[in-house]
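J.: Got a structure for you, questions after.
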Amino acid sequence: MLGHYDKPLPADDIEARPFWERAREHRLAVQRCDSCGHRHFPPGPVCPACLSDKQSWEDVSGRATLLSWVVFHRAYWVSFRDDVPYDACLVQLEEGPIMVSNFADGIPSGVRAGMAMRVVFDDVSPQLTLPRFVPA
Ligand SMILES: [Zn+2]
């Protein structure tokens, strides 16, 4: 869906910009440390495992495991008012990093922790694509 998007936008910072650029190309990527190989998310200036500032971006499979989810019944931002109730989910990527996201099609039937998930890309505006998750 393309069009007007009035929800909070990701910060346009130098660490996160490569993530959002790849998401627009429907690629899911995380930072990988050039020194120790640790993959991590969210992005940052140094590796959380060894503090090296040598970081590269690496595409990941998009396969994940559902760790948890929650349904928000209160709009904490005015722009989410029409979406209540909405979900948020926590997934662990096959490559290790944990990511907060949403279910692309609402809470899956038979949802359970440990469920296999895969990423899909939601083009919410010409400038912004959000990775979301569906059952694999
Ligand atoms: Zn490292």
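The values are calculated or read from the model by the stated rules, or taken from the named source; none is laboratory data. Since we're looking at a predicted model, the values are computed, not measured. Positions of Cβ are backbone-derived with ideal geometry, glycine not excepted, and every protein chain shown enters the neighbour counts.
J.: Please work out if residue 47 is touching a His at 6+ places or on another chain (Cβ under 6 Å) and in a loop (DSSP other than H, G, I, E, B). Lay out the reasoning, then the answer.
T.: Details: touching a His at 6+ places or on another chain (Cβ under 6 Å): yes; in a loop (DSSP other than H, G, I, E, B): yes.
Yes: the conditions hold for residue 47.
J.: Sort out which residues of the stretch 42-57 are among the hydrophobic types (A, V, I, L, M, F, W, C) and without any contact (Cβ under 8 Å) to a residue 24 or more places away in the chain, and write them in order of number.
T.: First, the residues of the stretch 42-57 that are among the hydrophobic types (A, V, I, L, M, F, W, C): 46-47, 49-51, 57.
Residues satisfying the conditions are 46, 47, 49, 50, 51.
J.: May I pose another question? In this structure, is residue 8 part of a loop (DSSP other than H, G, I, E, B), surrounded by fewer than 12 Cβ atoms within 10 Å (Cβ to Cβ), in contact (Cβ under 8 Å) with a residue 24 or more places away in the chain and within 16 Å of the ligand (Cβ to nearest atom)? Outline the logic, then answer.
T.: Values: part of a loop (DSSP other than H, G, I, E, B): yes; surrounded by fewer than 12 Cβ atoms within 10 Å (Cβ to Cβ): yes; in contact (Cβ under 8 Å) with a residue 24 or more places away in the chain: yes; within 16 Å of the ligand (Cβ to nearest atom): no.
No: the conditions fail for residue 8.
J.: Related question: Which residue out of 38, 26 is more than 20 Å from residue 133 (Cα to Cα) and modelled with pLDDT of 95 or more? Before the answer, list the steps.
T.: Details: 26 fails: more than 20 Å from residue 133 (Cα to Cα).
None of the others qualify; the one that does is 38.
J.: Here's a follow-up. Among the residues of the stretch 97-136, count how many are of a type in the set (Lys, Arg), closer than 23 Å to residue 73 by Cβ and part of a strand (DSSP E or B). It would help to see each step written out before you state the result.
T.: Going through the stretch 97-136, the residues of a type in the set (Lys, Arg) turn out to be 112, 118, 132.
Among the residues that remain, those that are also closer than 23 Å to residue 73 by Cβ are: 112, 132.
From what is left, the residues that are part of a strand (DSSP E or B) are 132.
Summing the residues that are of a type in the set (Lys, Arg), closer than 23 Å to residue 73 by Cβ and part of a strand (DSSP E or B) in the stretch 97-136 gives 1.
J.: Within the stretch 101-114, which residues are surrounded by 13 or more Cβ atoms within 10 Å (Cβ to Cβ) and closer than 23 Å to residue 42 by Cβ?
T.: Answer for the stretch 101-114, where residues must be surrounded by 13 or more Cβ atoms within 10 Å (Cβ to Cβ) and closer than 23 Å to residue 42 by Cβ: 101, 102, 103, 104.
J.: A follow-up question, please. Checking the structure you have, find out if any residue of the stretch 93-113 is of a type outside the set (Gly, Ala, Ser), within 23 Å of residue 15 (Cβ to Cβ) and within 16 Å of the ligand (Cβ to nearest atom).
T.: Pass one, the stretch 93-113, residues of a type outside the set (Gly, Ala, Ser): 93-95, 97-100, 102-103, 105, 107-108, 111-112.
Now narrow it down to the ones that are within 23 Å of residue 15 (Cβ to Cβ): 93-95, 97-100, 102.
Add one more test, that the residue is within 16 Å of the ligand (Cβ to nearest atom), and what stays is 95, 97.
Within the stretch 93-113, one or more residues are of a type outside the set (Gly, Ala, Ser), within 23 Å of residue 15 (Cβ to Cβ) and within 16 Å of the ligand (Cβ to nearest atom).
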